[in-house]
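Engineer: Got a structure for you, questions after.
Read-outs: derived from the displayed coordinates by stated rules, not from any lab. Predicted model only: the values in this text are computed from it and were never measured. FYI the Cβ positions are ideal-geometry reconstructions off the backbone, even for glycines, and counts take in every protein chain you see.
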Amino acid sequence: MGGTQGSREQLVRDQDWALLISRIASGDQSALAALYDATCRIVFGLVLRILSDHPTAEEVALDVYTQVWRQASTYDGQRGSPVAWLLTIARSRAIDRLRSTKQEQQRKEPLDAASAESAATADPEEESVISERKRIVRLALEQLSPEQREVIELAYFSGLSHSEIAAKLGQPLGTVKTRTRLGMMKLRDALSPIVGEAV
């Protein structure tokens, strides 16, 4: 009896999530926030198991929902449940990050000695790249709504937690979290030229 009840609940949940994905495909940001709240534990759990690093797993989990935002229209319920689709994206993102981290470490190891010597002098070309990156970051921040920019600046430049931001602004914690998530997704889109994110 319990099994039937469980499978019925799962069916309802799948229908709810499929509806959210459909709303995301039409540009509904609140649907993305709702899907995130409903599924982030499952997605984060899988990513953390693959990467074994909490901060990197958080970053990759955000990448997953950025990809969901961009590719919601490609979801096909005939080919699998919403959670299977999400976990496929999560697994793919996590494995990509694992590979790129390993490649990065392999590239860095032989260069460690050389970089210690050259670090003291800044290359003019490098300074130009850094200056351009700063410009892109400033432009990206300007694209956010004032509310999103405020919570992101408090979180990342003042180092406040979501709870501290909520108390400081007199806003509900859920509102602060949603503004931060959506703001970060917009930033990630705007910063893709310098992040080199593959979609």
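Engineer: About the Cα centre of the range 1-103, what is the dipole size in debye to 20, counting +1 per Lys and Arg Cβ and -1 per Asp and Glu Cβ, all else neutral?
Structural biologist: Roughly 320 debye, rounded to the nearest 20.
Engineer: Give me Glu127, Glu147 ranked fewest to most by other Cβ atoms within 10 Å of their Cβ, as a rough exposure proxy. Show your work: numbers first, answer last.
Structural biologist: Numbers: Glu127 10, Glu147 16.
Sorted ascending by nearby Cβ count, the order is Glu127, Glu147.
Engineer: If the chain between Asp37 and Leu173 were fully stretched, how many nm would it gain, using 0.36 nm times the residue separation less the Cα-Cα distance?
Structural biologist: Details: separation 136, 0.36 × 136 = 48.96 nm, distance 1.29 nm.
Residue separation times 0.36 nm, minus the Cα-Cα distance, leaves 47.7 nm.
Engineer: Sticking with this one: Residue separation times 0.36 nm, minus the C-alpha to C-alpha distance between Arg133 and Ser161: what's the value?
Structural biologist: On the way: separation 28, 0.36 × 28 = 10.08 nm, distance 2.61 nm.
Roughly 7.5 nm would be gained on extension.
Engineer: So, one more: What number results when the radius of gyration of the range 1-103, computed over Cα atoms, is divided by 2.2 N^0.38 Å?
Structural biologist: Working: Rg = 14.4 Å, N = 103, 2.2 N^0.38 = 12.8 Å.
Relative to the rule-of-thumb radius for its length, the range 1-103 sits at 1.12.
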